[in-house]
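Data block below; observations after.
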Ligand SMILES: Cc1cc2nc3c(=O)[nH]c(=O)nc-3n(C[C@H](O)[C@H](O)[C@H](O)COP(=O)(O)OP(=O)(O)OC[C@H]3O[C@@H](n4cnc5c(N)ncnc54)[C@H](O)[C@@H]3O)c2cc1C
């Protein structure tokens with residue numbers, strides 16, 4: 001059964017038809033500049049500008065933020081974002097640049113901020129005009145997220161923030177940051193508070209952003225240093241000391257388990273003429289058929305065929321597992337399928353890229369800039385990036401702990 005065959009209500013069916021019609025006429029086509037494999041690696045302002053234009057047009061067409069109320073810039077619909085996502089994926093539209101904004105900041109602001117702040121921030125977030133980043137991780141606070149040391153001190157109607165964030169994706173383009181920090185040293189969890197912080201306007205005046213280089217040689221994430229950054233109290237989300245509770249809203253949505261459906265962050269990232277998709281196991285078939293091996297192709301090797309088939313089966317299993325989310329008796333715990341999916345797809349991508357290495361053999365050492373690199377050199381990049389995927393949004397080890405303890409009810413690890 002395809003997504004389009006799903007049981008749409010009459011309103012949903014009408015909305016689906018509108019999306020299909022709009023996408024048929026307004027697909028932006030191939031990007032004029034090279035895009036990285038994912039939005040979190042964006043560094044070229046021209047690539048960002050092209051993707052922002054795409055996000056704005058999809059937003060204006062009503063396909064982003066459809067399920068948010070109109071007062072905060074949304075479409076005022078119910079259960080329509082998932083349909084827009086399916087149709088954008090089907091049409092292979094480009095990915096959206098404001099992934100952190102839409103996936104994490106928007107629902108957190110929606111559920112925890114004052115009405116005037118929602119109305120001020122959400123329209124430009126959903127349209128992609130303002131890029132958002134997430135300031136959670138610190139040198140000593142990753143898996144142990146509550147160990148925040150960045151400190152916000154009250155000063156009348158303002159807060160003064162000092163500290164050091166790390167691995168902050170997209171900070172170099174971000175107008176705003178969602179920030180978890182400490183407001184009391186007396187209590188680990190109840191001493192945390194949550195803010196939205198204007199960072200672009202404060203660069204050189206309380207905010208310093210330093211790029212970090214990834215294993216790929218590219219960048220995309222940063223260190224962000226706060227030195228006496230002044231933030232208005234109205235940009236605090238929820239109560240002082242309620243930061244951990246607010247952060248759980250962010251994390252639930254980051255892991256796909258929150259009540260608001262995130263606009264699709266997937267999509268193509270290819271230049272004109274390129275056809276490989278490193279997120280689809282079927283691309284390995286094309287790769288194997290194109291690689292010569294002892295006067296045959298890699299696809300003639302039964303061991304390679306076997307490995308590709310195993311990965312395609314895992315991919316299909318994952319797709320079917322996602323469909324279980326729409327069947328209420330199978331969604332007894334909201335974290336069960338989202339957490340499984342994060343583990344499944346990050347590990348599947350890693351295994352797919354590793355097999356591509358074997359298929360390419362010595363040619364896998366050729367860089368993306370080398371015209372002889374198989375599949376445009378995309379697979380070695382995907383392999384290197386795949387390690388970040390098993391770390392970002394909480395490492396897979398920690399996700400397994402959460403699955404075991406909170407979903408399966410096993411004894412705590414410590
Ligand atoms: C590509 C990428 C993008 C990112 N973007 C952002 C961003 O935009 N904003 C942001 O705030 N952060 C971001 N991060 C940071 C990410 O959230 C952290 O790297 C992650 O939470 C792990 O924290 P850590 O790096 O401090 O590792 P640590 O917490 O120091 O963990 C080190 C190792 O110990 C293991 N470990 C730790 N605790 C346990 C435990 N209880 N049980 C079993 N094993 C354990 C971990 O699995 C890991 O293997 C990003 C990371 C990556 C890779």
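Can you report the number of residues in the stretch 152-180 which are closer than 25 Å to residue 45 by Cα and within 11 Å of the ligand (Cβ to nearest atom)?
Here the count works out to 11.
Here's the yes/no breakdown for (1) over 28 Å from residue 316 (Cα atoms); (2) surrounded by fewer than 19 Cβ atoms within 10 Å (Cβ to Cβ):
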{"residue": "12", "(1), (2)": "no, yes"}
{"residue": "26", "(1), (2)": "yes, yes"}
{"residue": "33", "(1), (2)": "yes, yes"}
{"residue": "40", "(1), (2)": "no, no"}
{"residue": "51", "(1), (2)": "yes, no"}
{"residue": "57", "(1), (2)": "yes, yes"}
{"residue": "64", "(1), (2)": "no, no"}
{"residue": "68", "(1), (2)": "yes, no"}
{"residue": "76", "(1), (2)": "yes, yes"}
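When residue 79 is evaluated against the numbered criteria (1) within 25 Å of residue 247 (Cα to Cα); (2) modelled with pLDDT of 95 or more, which criterion, by number, is the only one it fails?
Tallying (1) within 25 Å of residue 247 (Cα to Cα); (2) modelled with pLDDT of 95 or more, residue 79 fails exactly one: (2).
Given the residues 297, 250, 275, which is the only one that is buried (at least 19 other Cβ atoms within 10 Å of the Cβ) and either modelled with pLDDT of 90 or more or not assigned by TED's automatic domain parsing to the domain that holds residue 403 (or both)? Reasoning before the result, please.
Values: 297 fails: buried (at least 19 other Cβ atoms within 10 Å of the Cβ); 275 fails: buried (at least 19 other Cβ atoms within 10 Å of the Cβ).
Exactly one residue qualifies, and that residue is 250.
Of (1) more than 16 Å from the ligand (Cβ to nearest atom); (2) surrounded by 13 or more Cβ atoms within 10 Å (Cβ to Cβ); (3) over 14 Å from residue 284 (Cβ atoms), residue 328 satisfies all except one. Which?
(2)
Can you pull out every residue in the stretch 152-181 that is in contact with a helix residue (DSSP H, G or I) (Cβ under 8 Å, 6 or more places away or on another chain) and farther than 13 Å from residue 228 by Cα?
157, 169, 170, 173, 174, 175, 176, 178, 180, 181 - these are the residues of the stretch 152-181 that are in contact with a helix residue (DSSP H, G or I) (Cβ under 8 Å, 6 or more places away or on another chain) and farther than 13 Å from residue 228 by Cα.
Report the residue count in the stretch 385-412 for those that are in a loop (DSSP other than H, G, I, E, B) and either within 6 Å of the ligand (Cβ to nearest atom) or exposed (fewer than 14 other Cβ atoms within 10 Å of the Cβ) (or both).
Taking the stretch 385-412 and keeping what is in a loop (DSSP other than H, G, I, E, B), we get 390-395, 408-412.
Imposing the further condition that a residue be either within 6 Å of the ligand (Cβ to nearest atom) or exposed (fewer than 14 other Cβ atoms within 10 Å of the Cβ) (or both) reduces the set to 391-392, 394-395, 408-412.
Going through the stretch 385-412 one residue at a time, the tally reaches 9.
The values are calculated or read from the model by the stated rules, or taken from the named source; none is laboratory data. Being a predicted model, the structure only gives us computed values, none of them experimental. Cβ sites come from the backbone with ideal geometry, for glycine too, and all protein chains shown count toward neighbours.
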